[in-house]
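Below are the structure tokens for one structure; questions will follow.
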Amino acid sequence: MSDQLSPDEKFNLITRNLQEVLGEDKLKQVLQERELKVYWGTATTGKPHVAYFVPMSKIADFLKAGCEVTILFADLHAYLDNMKAPWELLELRVKYYEQVIKAMLESIGVPLDKLKFVKGTDYQLSREYTLDVYRLSSMVTEHDAKKAGAEVVKQVEHPLLSGLLYPGLQALDEEYLKVDAQFGGVDQRKIFTLAEKYLPSLGYAKRAHLMNPMVPGLTGAKMSSSEEESKIDLLDSKEDVKKKLKKAFCEPGNIQNNGVLSFVKYVIFPLRGDFSIKRDPKWGGDKTYMVFEEVEKDFAEELVHPGDLKASVEVALNELLDPIRKKFQSPELRKLTNSAYPAPSKTKAAGKGAKAGGGGGEGEDDELVPSRLDIRVGKIISVEKHPDADSLYLEKIDVGEPEPRTVVSGLVAYVSQEDLQDRVVLVLCNLKPQKMRGIESQAMLLCASIEGEPRRVEPLDPPEGSSPGERVFFEGYETGKADDRLNPKKKVWEKLQVDLKISDECGAQWKDKQLMTKLGQITCKTLKGGNIS
């Protein structure tokens, strides 16, 4: 396509939807002579979220215009920015970013063979680069360095020296990556102007700068990796996407700071060229828009309801996220995700509330994490009718202990006795035993359920090949220790159970964390969107 475009057409494609361009004349001059070389850098800190589709859609534009595009994984910047990425996690974060950015680009149809991927520390620790950092440090004042990073580097009461180095390094990257232009958000404008001011002082050329607008988050402010409520993660489940969009700021008729509307403008239209609103015929029926301005106009005039806008964006967003979710279902990428972003370790207050003789969950703090649940693979070895209750049955379940545990349940009302015999199931083993019509139930058989008429219930299924006694864990909480026994007064199980759900792919989850064994994910057969109890 780029071979058929004139320099002016390439310039228009490169600059469309940008908020500001510094150095337009330089861009036009280069495009008259050859293809433009441009880079986009991302500090490998928190997990990328859906707002990253905004720069991805521009990268698609750059490639259509024939640009040579470099993507920089700025690992050293991530460390310098108030240590947002600990040194020991830098390499893992880079690998995660590379996998997720590539998955995003594949999701929107961008050919990866036309892109160059570079890690910052591959050249930023070289002798030449280090000397240039010192040279630049001898020219840039503290005032200029602090001002340049004000909207990008984390601002704290007692800033570290590393944060003052950050803008200078970003300026030097333009020279060491040998590009004509740097692309970024408008929040980086002061870093860009610092580069334009100081690179010529080192004998290097002044580059052009391409700036995207800052897309509002779901709360109306900037979408941020560190603010959970403001963003949708790329690996969020469909249920979480729906929940977060439902809470998103989208006031009727208000087109200012509207993150939902901005997503339509800066992601959906550039990638698809149109946008469809799905709605009930009595409210006007479905409508397809060919230009964003018509969507904005109808929303401003309240001809499009926020609920219809959110529902339509939800469909489009899930279409973009589905290939990414699928790719990250692999055991290797799950392991990478959990290693790059480990769950906060559970701390124990030694002796706090512990009984004499020690041991058990009652001596631990009250942090509500799913690793406190002792969930194991079990095998039902017998099913017998309760002698004193027609609706209850006794299941003897092997959970890897010398003797099987007795579980009293009414599951036979939903699953036949024959289907339960020898079935491999999931068992919660650290609840306090309860007597049910005179017989003690020593564990709980975990099932998926959907309320209604009739109520539907299915036992959860461990991966094929699972053995009785195998530990079941939640991704991100693999190393946590289960309580010896859950204190019923603390209602730990009840509080955790609220967020146990079945995904649209029939996977068992706590929040967005998959329930796993070493062989793979826990599932159920058919009850998508069900609860777990």
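Which condition number in (1) over 16 Å from Asn212 (Cα atoms); (2) open to solvent by less than 10 Å² (accessible area, probe 1.4 Å) is the one that Val50 fails?
The one condition Val50 does not meet is (1).
Go through the stretch 69-92 and give me each residue that's of a type outside the set (A, V, I, L, M) and either open to solvent by less than 20 Å² (accessible area, probe 1.4 Å) or at pLDDT 95 or above (or both).
Selection gives Thr70, Phe73, Asp75, His77, Asp81.
With Glu319, Glu314 as the choices, which residue is under 24 Å from Gly109 (Cα atoms), in a helix (DSSP H, G or I), open to solvent by less than 60 Å² (accessible area, probe 1.4 Å) and modelled with pLDDT of 90 or more?
Glu314
Given the criteria touching a helix residue (DSSP H, G or I) at 6+ places or on another chain (Cβ under 9 Å) and part of a strand (DSSP E or B), does Glu395 qualify? Please lay out each step first, then the result.
Values: touching a helix residue (DSSP H, G or I) at 6+ places or on another chain (Cβ under 9 Å): yes; part of a strand (DSSP E or B): yes.
Yes.
Another question, if that's okay. Taking the residues in the stretch 385-401 that are of a type in the set (Asp, Glu) and touching a residue at least 12 places away in the same chain (Cβ under 8 Å) as candidates, determine which candidate is surrounded by the most Cβ atoms within 10 Å (Cβ to Cβ).
By that ranking, first place goes to Glu395.
Hey, among Val408, Val425, Val415, which residue is part of a loop (DSSP other than H, G, I, E, B), of a type outside the set (Lys, Arg) and closer than 25 Å to Lys525 by Cα?
Details: Val408 fails: part of a loop (DSSP other than H, G, I, E, B); Val425 fails: part of a loop (DSSP other than H, G, I, E, B).
Going through Val408, Val425, Val415 in turn, the sole match is Val415.
So which of Glu151, Glu98, Glu157, Glu142 is within 30 Å of Phe328 (Cβ to Cβ) and at pLDDT below 95? Quick ask: steps written out before the conclusion?
On the way: Glu151 fails: within 30 Å of Phe328 (Cβ to Cβ); Glu157 fails: within 30 Å of Phe328 (Cβ to Cβ); Glu142 fails: within 30 Å of Phe328 (Cβ to Cβ).
The conditions single out Glu98.
Sort out which residues of the stretch 255-264 are modelled with pLDDT under 90 and either open to solvent by 10 Å² or more (accessible area, probe 1.4 Å) or within 26 Å of Ile14 (Cβ to Cβ) (or both), and write them in order of number.
Ile255, Gln256, Asn257, Gly259, Ser262, Phe263, listed by residue number.
Can you work out which of the residues in the stretch 33-47 that are touching a residue at least 60 places away in the same chain (Cβ under 8 Å) and open to solvent by less than 10 Å² (accessible area, probe 1.4 Å) is farthest from Gly217 (Cα to Cα)?
Looking at residues that are touching a residue at least 60 places away in the same chain (Cβ under 8 Å) and open to solvent by less than 10 Å² (accessible area, probe 1.4 Å), I get Leu36.
On to the next question. Would you pick out the residues in the stretch 110-139 that are in contact (Cβ under 8 Å) with a residue 60 or more places away in the chain and part of a loop (DSSP other than H, G, I, E, B)?
Met139
One line per residue, one yes/no per condition, for (1) open to solvent by 50 Å² or more (accessible area, probe 1.4 Å); (2) polar (S, T, N, Q):
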| site | (1), (2) |
| --- | --- |
| Pro459 | no, no |
| Gly465 | yes, no |
| Asn487 | no, yes |
| Lys491 | yes, no |
| Val498 | yes, no |
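Return yes or no: is Val179 in a loop (DSSP other than H, G, I, E, B) and modelled with pLDDT of 90 or more? Steps first, please.
On the way: in a loop (DSSP other than H, G, I, E, B): yes; modelled with pLDDT of 90 or more: yes.
So Val179 fits the description; yes.
Take the stretch 270-291 and flag every residue that is buried (at least 19 other Cβ atoms within 10 Å of the Cβ) and either among the charged types (D, E, K, R) or over 23 Å from the mean Cα position of the chain (by Cα) (or both).
The answer is Phe275, Ile277, Tyr289.
The values are calculated or read from the model by the stated rules, or taken from the named source; none is laboratory data. The structure presented is a predicted model; accordingly, all values stated were derived computationally and were not measured. All Cβ positions, even for glycine, are placed from backbone atoms using ideal geometry, and neighbour counts span all protein chains on display. To get the accessible areas, we keep the full protein, side chains included, count just its heavy atoms, and leave off ligands, DNA and RNA. Shrake-Rupley method; radii C 1.70, N 1.55, O 1.52, S 1.80 Å.
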